[in-house]
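What follows is a single structure, written as structure tokens, with notes after it.
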Amino acid sequence: MIKVEGLTKRYARHVAVRNISFEAGKGEIVGFLGKNGAGKTTTMRVLTCFLPPTEGKASIAGFDVVEQSLEVKKRIGYLPETPPVYPEMDVASYLTFVAKLKGIPAGEIAARVDEVCKRTSIDDRKRTLISKLSKGYRQRVGIAQAIIHNPPVLILDEPTSGLDPEQQREARQLIASLSGDHTIILSTHILSEVEQSCSKVVIIDKGSIVAVDSVANLHNRKKAAETVLIEVAGAESLEVKRRLEQVAGVASVASRESREGTVAFDVQSLEHYSLRPELARAVVQSGWNLTELRATGESLEEIFLELTKSEEPKPEGEVATK
Amino acid sequence: MRNVFTICGKELRAYFTSPVAYLLMGLFGLIFGFFFYSATAYFVMAGMRAQMSGQAQPMSVNDFVIAPLLGNASVVGLFLIPLISMRLFAEEKRSGTIELLMTSPISDWEIILGKWLGAMCMYLSILALSAVNVGVLFIWSKPDWRPILTGFLGLILQGGTVLAIGGFLSSLTKNQIIAGASTFTVCLLLWVLSWVSSYNEAPWAQAIAYCSILTHFEPFSKGIIDTKDLVYYASAIFLGLFLTARSLDSMRWRA
């Protein structure tokens, strides 16, 4: 459905996106993950024909974004970072305007507007001026606008940014409910969002892709050897460390900061060892209180941080001035 | 074509759901009303004096009231039109809604034409106010309606030209003040260019004066429709819209 090959976007002074390639099949939800300024918005703007690529190709449903932009535009729904709404219009007339822009036949417009209002639960605000809507409602109007012509591809740029946790949850549910008929690309810097709603993750850092994989595979990458956090109360740090190092399968033990009265360690296992039962037994048998024991380095957040860890960030502008 | 009307309707709605339309109409109504009053009051006084001195020929309403009035309207227009055109693209660029338009399945030309037409409709509704004043003259006198019609045609063409230029300048910036001020400057320059020919007879001076927007308006107010004036306005409008199209396109590669 979406195919990006060797895409590069160069602005006057810097390269925003460098040689990225990925694909998304029908019905997939692809999470575009990266820090601010990583190149997420630029990539989306290329896919929506707002910006042409400097090099490389991108196509949607087989249509090239440069050569057949009109065909591409018919097949995408796009929610930019700030919802593109006109504050002086009310919700219904705004959606009617967008429906006309997207080429929906005049007879079907009213029905489509009703349907997307229901779908995004804004039908109680249809006659409200957009300038009077809260941020959460505006975002929903933005999503309604993107799906009004029922496009096969949806491109959502940070659909949950600026919403409160309750609204974020609602927005995620809404996006998940759309996944059946649409291929969705959404960008975000919130990791839990990707974990919850996406089938595939593209992690992008400083304009380059560092990983393209399913969420499950990303988790498995770290599974071979595990890191365990263990916290023990009422014991001497050195003593505990010595005891833990004796447990079978432990590769290393490193102490870390902890609350008062407790000591904590990161325990690294050798490959294919599951440490937690053994560690628990060792602590309890020594007569200490085990207060916490959990595997770390498994959440997407930690995988993400590890993948985007930069050696020493050098802004390109600086190099030029020296 | 449907897309052009969609955009045009949206623009018109934007003017009339904000105070902009009413403010502009109010300003124009006030200023034009004052001109109208001055022109007729002066005409009445001059007419009485002519009668007393035994002049047999009645004075022409067309020459003494309507022609100068339409000339004034065209100058007031030059000041008001930047206020109409400044928001056309600058507002959408600032609020990000330009992304909606440019990622919708419509062409740049449809966006540009729609916006220009919307602004034209706004300008026409302002101009319609002056038609009320001129209409009053028909109650107490018998002015010739043909120069009035050509005069309004001239005003419409002149407005279209300035709106096309203003739209282009608005597409260059996100800032409405910059768009408005630069359009105003260009309008003023186009107006005063005609002065060059009054102190210099050289061909280049004539050429510069030819570019003046008012030089081409004057024949219309006298009831003359000259092809060269029509060509001037039509090409100026096309140039403005064409530059806007190039400017929108440049947003894509300049970013």
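Measuring between alpha carbons in the structure, the pairs from B:LYS93/B:LYS115; A:LYS126/B:LYS10; B:LYS10/B:LYS228; A:LYS26/A:LYS200 lying more than 24 angstrom apart are B:LYS10/B:LYS228. Give, as a single signed number, the net charge of other residues whose beta carbon lies under 14 Å from the beta carbon of B:PHE5, with Lys and Arg counted +1 and Asp and Glu -1. My count for the surroundings of B:PHE5 gives +3. Each Lys or Arg adds one and each Asp or Glu takes one away; over the other residues whose Cβ falls under 15 Å from the Cβ of B:GLU110, this sums to +3.
Projected over all directions and averaged, the alpha-carbon convex hull of the range A:223-296 occupies 4.2 nm². In this structure, the residue pairs whose Cα-Cα separation is over 20 Å, taken from A:LYS9/A:LYS135; A:LYS3/A:LYS73; A:LYS9/A:LYS206; A:LYS73/A:LYS100, are A:LYS9/A:LYS135. Given +1 at the Cβ of Lys and Arg, -1 at the Cβ of Asp and Glu and no other charges, the dipole of the range A:2-215 around its Cα centre is 440 debye to the nearest 20. Note on B:PHE16 and A:GLU245: their simple-model spin labels are 8.4 nm apart, each label 7 Å out from Cα toward Cβ. For a Förster distance of 45 Å, can you work out the FRET efficiency between the beta-carbons of A:THR128 and A:SER274, rounded to the nearest 0.05? The formula returns an efficiency of 0.20 here.
So if R0 is 56 Å, what FRET efficiency would B:PHE238 and A:GLU166 give, r being the distance between their Cβ atoms, rounded to the nearest 0.05? Working from the Cβ atoms, E equals 0.55. In this Cβ point-charge picture (+1 for Lys and Arg, -1 for Asp and Glu), the range A:223-296 has a dipole of about 140 debye about its Cα centre. Translational diffusion of the range B:57-209, estimated by Stokes-Einstein from the Kirkwood radius over alpha carbon pairs at 37 °C in a medium of 0.692 mPa s, is 187 µm² per second. When chain B is treated as a GNM with alpha-carbon contacts under 10 Å, the residue of B:ASP108, B:ASP226, B:ASP63 showing the greatest mean-square fluctuation is B:ASP226. Straight-line reach from B:LYS142: taking Cα to Cα under 26 Å and skipping same-chain neighbours fewer than 8 places apart, the lysines in range are B:LYS222. With both labels modelled 7 Å from their Cα along Cα-to-Cβ, the B:SER125 to A:ALA110 distance reads 2.4 nm.
Using a simple spin-label model with pseudo-atoms 7 Å out from Cα toward Cβ, A:GLU5 and A:ASP64 lie 1.0 nm apart. Amide H contacts under 5 Å for A:TYR78: A:ILE155, restricted to partners 5 or more places along the chain or on a different chain, H placed in the peptide plane at 1.01 Å from N. Across the protein assembly as shown the C-alpha pair distances fall into 10 Å bins from zero in the proportions 3, 14, 19, 18, 14, 12, 8, 5, 3, 2, 1, 0, 0, 0 percent. Over all other residues within a Cβ to Cβ distance under 14 Å of A:ARG172, the charged ones net out to -4, with Lys and Arg as +1 and Asp and Glu as -1.
Values in this text are rule-based calculations from the coordinates and carry no lab data. Note that this is a predicted model, so its numbers are computed, not measured. No Cβ is skipped: glycine too gets one built from the backbone with ideal geometry, and neighbour counts run over all protein chains shown.
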